[in-house]
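Only one structure is covered here, and it is reproduced in the block below.
The values are calculated or read from the model by the stated rules, or taken from the named source; none is laboratory data. Remember, it's a predicted structure, so these values are computed and weren't measured experimentally. Methodologically, a virtual Cβ is constructed for each residue, glycine included, from the backbone with ideal geometry; neighbour enumeration extends over all protein chains shown. All accessible areas refer to the heavy atoms of the entire protein, side chains included, with ligands and DNA or RNA removed. Shrake-Rupley method; radii C 1.70, N 1.55, O 1.52, S 1.80 Å.
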Amino acid sequence: MDEEYDVIVLGTGLTECILSGIMSVNGKKVLHMDRNPYYGGESSSITPLEELYKRFSLPDTPPESMGRGRDWNVDLIPKFLMANDLMGMFEKRRFRKFLVFVANFDENDPKTFEGVDPKTTTMRDVYKKFDLGQDVIDFTGHALALYRTDDYLDVPCLETINRIKLYSESLARYGKSPYLYPLYGLGELPQGFARLSAIYGGTYMLNKPVDEIVMEGGKVIGVKSEGEVARCKQLICDPSYIPDRVRKAGQVIRVICILSHPIKNTNDANSCQIIIPQNQVNRNSDIYVCMISYAHNVAAQGKYIAIVSTTVETSEPENEIEPALELLEPIDQKFVAISDLYEPTDDGTESQVFASRSYDATTHFETTCNDIKDIYKRMTGSDFDFENMKRKQNDVFGEDEQ
């Protein structure tokens, strides 16, 4: 371990593993450590089911009706979920006209604007132009464009149109759903990026305690573990490794619910995402429900896992998610977690210590991707270029191996 690295990464959450993979592909010498004996950190999947009961300090063990414990892989952070068939909504005539406008819209071709100025027309005015009702507006802003509040309504519409365009193009590409989800749970994602880093020379150490982050003149120079110091130029880590460099930015409540049935009024879907817009439940933030099932190799046969999450706004968080829990009844077993959200206190450019943000309440990865791109830009001084990364992989594997 007594070596010099370009980048040391602490924690194997998804954000850290993606950045570790990117840095390795970019030719950096990377050391990746985690104090835990498993990958994933906060974004791990728990197996067997007995382990989940232990983690939440439940006095009982899972009943026989839950099937075999090892058939379960339960995500702690619900993200990246599949949406369901939305065509009923899309077939409404006015909404279809709006979606055709979005599909044809090209910010470089004024002929596609139809009287809308992308730099000055607000999204509220665009909705008015197509005479869309409040339910459709809520659906479009929160489920398609993935906004968490309604602030977007009164700013120029270009970003919102591009967000809806991305959703529509993803839906067209993947059929019934614009979302992807890995079999055996989200814990597979950090491991996949860890393997990518290893292929490009990254070194991994699990179960490795971090004794000290070594600083000199206000700048990171290494990490001390079990008496040895690995030196580095830059450090990436999750907030738990540097409590003195992060601040609390709120809380999120997540409730993992085990069900023996699909959610009502979802056409018996074996996966779905439900977003309850803030203004329909008199809140400042949306409530998210995502459901997956035995079809994704994360639960025993005939069982479903629904995870409800939202940003905490009151002193009684469990009451806040009641509208979502009502959709799920009857619930076989609930696991309730209330977590603090942390964000870095500085941008890391002086210290070269770059902390990720805690995972928020959303059931999609947009905010996580933004954090990754933001950290990458602060570390390298340039925007992340996905095409360039693909080219580098092609140089190693050849075009056909991707």
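Quick notes
- For the listed peptides 289-298, 10-19, a ranking on the average number of other beta carbons within 10 Å per residue, highest first, reads 10-19, 289-298.
- Simple spin-label estimate for residue 56 and residue 297 in nanometres, 7 Å along Cα-Cβ: 2.4 nm
- Percent carbon-and-sulfur accessible area, the chain, ignoring ligands, DNA and RNA, probe 1.4 Å: 47 percent
- Values of log10 I(q)/I(0), in the order q = 0.11, 0.14 Å⁻¹, for the chain under a Debye, Cα-only, solvent-free model: -0.92, -1.36
- Cross-link partners of residue 264 among aspartates and glutamates (Cα-Cα below 18 Å; sequence separation of 8 or more within a chain): 85, 322, 326, 329, 332
- Here the extension length gained between residue 4 and residue 369 equals 128.5 nm, from 0.36 nm per residue of separation less the Cα-Cα distance.
- Peptides ranked, highest mean first, by Cβ atoms within 10 Å: ranges 351-364, 260-273: 351-364, 260-273
- In this calculation the C-beta distance from residue 388 to residue 166 is compared with R0 = 22 Å, giving a FRET efficiency of 0.60.
- Averaging the sequence gap over all C-alpha pairs within less than 8 Å and six or more residues apart, then dividing by the number of residues, gives the chain a relative contact order of 22 percent.
- Segment residue 231-residue 282, extension gain: residue separation times 0.36 nm, minus the distance between their alpha carbons: 13.3 nm
- Residue 314 versus residue 378: modelled label distance in nm, points set 7 Å from Cα along the beta carbon direction: 3.5 nm
- Model label sites at residue 97 and residue 199, defined 7 Å from Cα along the beta-carbon direction, differ in position by 4.9 nm.
- Between residue 117 and residue 350, the C-beta separation translates, for a Förster distance of 56 Å, into a calculated FRET efficiency of about 0.85.
- Protection-proxy order for peptides 139-149, 238-248, each taking the mean of Cβ atoms within 10 Å per residue, highest first: 139-149, 238-248
- For the range 92-169, the residue among 141, 100, 155 whose Cα projects farthest onto the positive side of the dipole built from Cβ charges is 100.
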